[in-house]
Amino acid sequence: LTFIVETAKKMLNAASSGMYLYDSVNDELELIMDTEPYIPTGSRLKMGEGAAGYVAQTRKSLRVDEYSEWVGRSSQYEGVPLRAVLEVPMMYGGEMIGVLAVDEYGDSKRKYTEADERLLSLFASQAAGAVHSARLRDEALKRLRNLQTLHEVDKAIASSLDLRITLNLLLS
């Protein structure tokens, strides 16, 4: 995740970059990584809240030239000197993975272009695939550990006729 965020920042020569991942259980976004932590990592946005929430809800990119004047800004970013913001959805096979963002702050006069948007969108598509693959790998490893535990229990039950030993093993 750090590599994705840092690469997006370098690729667009942006002041900062961040990534929100979609939590389908709670139907919200969680800030996972940010090169300039304006709000704490782990902060959450509801669908439709702020730029990232808007992008996740509509599944469309968003370019804002002056975030502090944008009517849809999140109160979590109150007082943060964000200027130009470009946020794109991270989609994999029609599934919302998250939102990738780059932004400018302070005295920056930069405005993101349509070409910047296309480049970040292409990169976000590849990043979504990487995040999806990492999640599948983690899930497969978890299942493997569960199967190994069941196998160990099975071997212990088969090797002992003493019910107390078998029950103690199952409890542990």
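The values are calculated or read from the model by the stated rules, or taken from the named source; none is laboratory data. Please read all numbers here as calculations on a predicted model, not as lab measurements. With ideal geometry, Cβ positions are generated from the backbone for all residues, glycine too; neighbour counts draw on all protein chains shown. These accessible areas exclude ligands, DNA and RNA; they are computed on the full protein's heavy atoms, side chains included. Shrake-Rupley method; radii C 1.70, N 1.55, O 1.52, S 1.80 Å.
Once you have a ≥ b ≥ c as the square roots of the Cα gyration tensor eigenvalues for segment 23-82, tell me rounded if a/c is under 1.5, and otherwise prolate or oblate according to whether a/b is larger than b/c.
Because a/c hits 1.5 or more and a/b fails to exceed b/c, segment 23-82 counts as oblate.
Multiply the residue gap between A156 and D65 by 0.36 nm, knock off their C-alpha separation, and tell me the result in nm, one decimal place.
26.3 nm
Can you pull the percent of segment 1-87's accessible area that's carbon plus sulfur, 1.4 Å probe, other chains left in place?
Of the solvent-accessible surface of segment 1-87, carbon and sulfur hold 48 percent.
What number comes out for accessible area per residue over segment 105-172 if the probe is 1.4 Å? Units Å², please.
78 Å²
Which whole-number percent is the relative contact order of the chain (Cα, under 8 Å, 6+ apart)?
The normalised contact order for the chain reaches 18 percent.
Which length gain, in nm to one decimal place, applies between Q76 and R118 when the Cα-Cα distance is subtracted from 0.36 nm times their residue separation?
12.4 nm
Taking the Cα-to-Cβ direction at F3 and at R164 and moving 7 Å from each Cα, how far apart do the two end points lie in nm?
Each label point lies 7 Å from its Cα, and together they span 5.4 nm.
Could you give the radius of gyration (one decimal) and Dmax (whole number) of the Cα atoms in the chain, in Å?
Rg, Dmax (Cα atoms, Å): 22.0, 77.
Using 1/(1 + (r/R0)^6) with R0 = 22 angstrom and r between the beta carbons of H132 and E28, what's the FRET efficiency to the nearest 0.05?
For R0 = 22 Å, the calculated efficiency reads 0.70.
Just give me a number: lysine pairs in the chain, eight or more positions apart or cross-chain, with C-alpha atoms less than 17 Å apart.
4
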